1. Using r as the Cβ-Cβ distance of residue 1 and residue 62, and R0 as 25 Å, what FRET efficiency do you calculate, to the nearest 0.05?
2. Whole percent per 5 Å bin, from 0 to the bin with the longest distance: what is P(r) over all C-alpha pairs of region 91-179?
3. Pop a pseudo-label 7 angstrom from the Cα along the beta-carbon direction at both residue 130 and residue 301 and give the gap in nm to one decimal.
4. Lys/Arg Cβ at +1, Asp/Glu Cβ at -1, dipole of region 225-298 taken about the Cα centre: which of 295, 245, 256 is farthest positive-ward?
5. Which net charge results when you count Lys and Arg as +1 and Asp and Glu as -1 among the other residues whose beta-carbon is under 11 Å from that of residue 77?
6. Where Rh denotes the Kirkwood radius from the mean inverse Cα pair distance, what is Rg over Rh for region 84-234?
7. I need the P(r) histogram for region 40-144: all alpha carbon pairs, bin width 5 Å from 0 out to the longest distance, whole percents.
8. Considering only 110, 29, 146, whose Cα is most displaced toward the positive end of the charge dipole of the chain, charges sitting on Cβ of Lys, Arg (+1) and Asp, Glu (-1)?
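Laboratory data are not the source of any read-out in this text; all were calculated from the coordinates shown. Since the structure is predicted, the reported quantities are computational estimates derived from the model, not experimental observations. Positions of Cβ are generated from backbone atoms using ideal geometry, with glycine treated the same way; all protein chains shown enter the neighbour counts.
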Amino acid sequence: MRVTVFGAGAIGGYLAAKLAIAGSVDLSIVARGAHLEAIKADGLRLIEDGKETVARVKAVARAEEVGEQDYVVLALKAHSLAPALGEIAPLLGEGTAVVTMQNGVPWWYFHKAGGALEGTRLAAVDPGGTIWQRIGPERVIGSVVYPAVEVDAPGLIRHVEGTRFSLGEPSGEKSERVTALAREMVKAGLQAPVREDIRSEIWVKLWGNLSFNPISALTGATLAAIVADEGTRAAARAMMLEAQAIGESLGVRFLIPVDRRIKGAGDVGEHKTSMLQDLERGRPMEIDALVTAVQELGRLTGRPTPIIDTVLALVRRLAIERGCYSSL
Ligand SMILES: NC(=O)C1=CN([C@@H]2O[C@H](COP(=O)(O)OP(=O)(O)OC[C@H]3O[C@@H](n4cnc5c(N)ncnc54)[C@H](OP(=O)(O)O)[C@@H]3O)[C@@H](O)[C@H]2O)C=CC1
Ligand SMILES: CC(C)(CO)C(=O)C(=O)O
């Protein structure tokens, strides 16, 4: 099985290191800059449970060097995907499956979703429908990524916690391609449950990201602090209820009550969300996939989003002022 991880940063690097150490797939990664040079020189180093392991992986700068694959894992940030389409293309053959590992609303959301919005392209994550057209949604295996991972230095990945990557076909089918990939991930020590309704799981993760991430960026507060403060907790809750109404109108089942989801986020503790970390490091923030796309879904379904609109306007302005907004 030929697998290429495109964008082997924190999540892609973790997945690639685990698959490489297990050694049962023909694995490559496409990376760039100092990270690529370090991996070529010293291997992909993974710190997990306090122990460092070096994974020897084939690391390339250009996809042409590895050619068509059985699976391509896209582990870029959501806003990096459209600019990379030309670089990804050489990996795609007729039967190549593409696993999308971005947080937020995926560009393929309305592929095989059924209902009046079937086939709708989302401008917030795929302006002009370019990703849809050039990758093709029929290739997609969706995923929800739970591990927390960081890149500590070029070539050095530090796993913080979690091993679950839920997978699911947009159609809900338990296809051979998704089950075969899940088997390889399990062999590598990961959890890879195959879901029949990946969209509902995407929403439960998104529920936290669309609210806590921008509030943390605006306030500088950790998850524990946002939940402990009555005002920020209420703001997050109001955003989550607006989102729930949108999701339910699209047939999503929220299997946990909103207050349990909020408590779960608070229990993570004194942790800065990825959006706050990006802001602090001067990197582009994933605002459009996590928040703007939800606003767009609200417009498409006729559900009002006054609190989401307000928080989005503020966080987008903040990101522009700090040079951390990456519009597609
Ligand atoms: N990190 C985490 O704990 C979690 C992350 N996620 C989600 O996973 C996704 C990936 O996040 P994360 O791994 O943290 O992001 P990272 O920034 O760590 O990794 C993305 C990698 O892609 C590289 N990249 C971008 N464009 C290209 C290109 N054209 N060619 C080659 N490489 C490229 C980046 O390189 P460069 O640095 O040079 O830009 C970087 O190494 C996001 O959607 C995030 O929200 C979900 C759960 C947890
Ligand atoms: C920590 C958490 C769960 C916040 O919602 C997250 O996924 C992130 O930081 O992006």
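1. On the way: r = 22 Å, r/R0 = 0.87.
Once the sixth-power term is evaluated, E becomes 0.70.
2. 3, 12, 19, 21, 18, 13, 10, 3, 1, 0
3. Distance between the two pseudo-spin positions: 2.9 nm.
4. Comparing the listed Cα positions along the dipole, 256 ranks first.
5. On the way: positive: 283; negative: 278, 286, 288.
Overall, the nearby charge balance is -2.
6. Values: Rg = 17.4 Å, Rh = 17.4 Å.
Taking Rh as the inverse mean 1/r over Cα pairs, Rg/Rh reads 1.00.
7. Over region 40-144, the share of Cα pairs per 5 Å bin runs 2, 11, 19, 21, 17, 13, 8, 6, 3, 1, 0 percent.
8. Highest projection toward the positive end goes to 146.
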